[in-house]
Amino acid sequence: LQPNPNISISQNPANGFRYLTFNFNVPALHEKALRQATACMIDKQFLAQSVLQGSVIPVNTIVPEANAFWYNPDVPLFCEGMSTQERMEEAVRILKEAGYTWDTEPYWLEDRGGSVEWGVGLKDPDGQYLPTLRLLAPTAGYDPMRATAGVYIEQWMNQLGIPVEAELTNFNRILEVRNSGDWDM
């Protein structure tokens with residue numbers, strides 16, 4: 001089929017995906033708005049191109065668009081195609097509409113070429129400070145790209161004032177903790 005100019009062929013050596021999952025048994029992670037704001041802050045294009053070195057394509061579900069028969073085109077694409085500033089502002093809007101407040105609300109700072117001035121003291125809709133959440137990711141020795149992605153996700157969530165600590169640990173430990181239920185993300 002390759003010689004046919006009317007046919008487009010996609011090739012990949014492996015069919016897998018890297019993802020962030022939330023433990024819904026953790027009360028702070030019940031709130032859909034928190035997860036949506038997180039989806040806005042994570043720059044999937046940057047992760048795919050810069051961290052994962054172009055070896056992946058960003059997707060929003062476990063069924064990628066190329067699997068047209070099973071793909072759901074109605075899946076919400078939070079902050080897709082937005083700039084860093086637009087993603088941050090949309091994430092703040094989502095949280096505010098859901099009733100979240102901050103001691104110091106994050107905002108876009110034009111100084112230094114434009115960056116997020118980090119939020120501090122995020123409170124849930126009941127007025128309680130969010131607890132520090134643990135993001136488990138493999139160590140750089142096991143998978144340097146996943147470890148780096150974990151650190152970026154930690155940073156993006158902290159920019160919103162969501163207290164997250166990336167815990168880079170042995171992959172087998174991640175599986176053990178996952179099976180025990182003692183994990184956040």
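The values are calculated or read from the model by the stated rules, or taken from the named source; none is laboratory data. Remember, predicted model here, so these are calculated numbers, not experimental data. We place every Cβ from the backbone using ideal geometry, glycine too, and count neighbours over all the protein chains shown. Only protein heavy atoms, including side chains, enter the accessible area calculation; ligands, DNA and RNA are left aside. Shrake-Rupley method; radii C 1.70, N 1.55, O 1.52, S 1.80 Å.
Only residues that are of a type in the set (Asp, Glu) and in contact with a Gly (Cβ under 9 Å, 6 or more places away or on another chain) were counted across the range 86-129, and they come to 4.
If I filter the range 166-179 for residues that are in contact with a strand residue (DSSP E or B) (Cβ under 9 Å, 6 or more places away or on another chain), among the β-branched types (Val, Ile, Thr) and assigned to a loop (DSSP other than H, G, I, E, B), do I get at least one hit? No. When Ile94 is tested against (1) over 16 Å from Phe17 (Cβ atoms); (2) part of a loop (DSSP other than H, G, I, E, B), just one condition goes unmet, and that condition is (2).
No other residue among Phe78, Phe69 is open to solvent by 70 Å² or more (accessible area, probe 1.4 Å) and assigned to a loop (DSSP other than H, G, I, E, B) apart from Phe69.
Could you grab the pairs with beta carbons closer than 6 Å, sequence gap of 6+ or different chains, first residue in the range 82-102 and in contact (Cβ under 8 Å) with a residue 24 or more places away in the chain, second one crowded, with 17+ Cβ neighbours inside 10 Å and assigned to a strand (DSSP E or B)? Filtered contacts from the range 82-102: Met88/Val116.
Taking the residues in the range 31-65 that are among the charged types (D, E, K, R) and either open to solvent by 40 Å² or more (accessible area, probe 1.4 Å) or part of a helix (DSSP H, G or I) (or both) as candidates, determine which candidate is nearest to Gly81 (Cα to Cα).
So, considering only residues that are among the charged types (D, E, K, R) and either open to solvent by 40 Å² or more (accessible area, probe 1.4 Å) or part of a helix (DSSP H, G or I) (or both), the one nearest to Gly81 (Cα to Cα) is Lys44.
On the stretch given as the range 123-144, residues that are open to solvent by less than 50 Å² (accessible area, probe 1.4 Å), in contact with a Ser or Thr (Cβ under 8 Å, 6 or more places away or on another chain) and over 23 Å from Ser180 (Cβ atoms) total 2. Evaluation of Arg112 against the conditions (1) in a loop (DSSP other than H, G, I, E, B); (2) at pLDDT below 90; (3) open to solvent by 60 Å² or more (accessible area, probe 1.4 Å) shows that the sole unmet condition is (1).
Among the residues of the range 10-27, are any exposed (fewer than 15 other Cβ atoms within 10 Å of the Cβ), of a type in the set (Val, Ile, Thr) and without any contact (Cβ under 8 Å) to a residue 40 or more places away in the chain? Scanning the range 10-27 turns up no residue that is exposed (fewer than 15 other Cβ atoms within 10 Å of the Cβ), of a type in the set (Val, Ile, Thr) and without any contact (Cβ under 8 Å) to a residue 40 or more places away in the chain.
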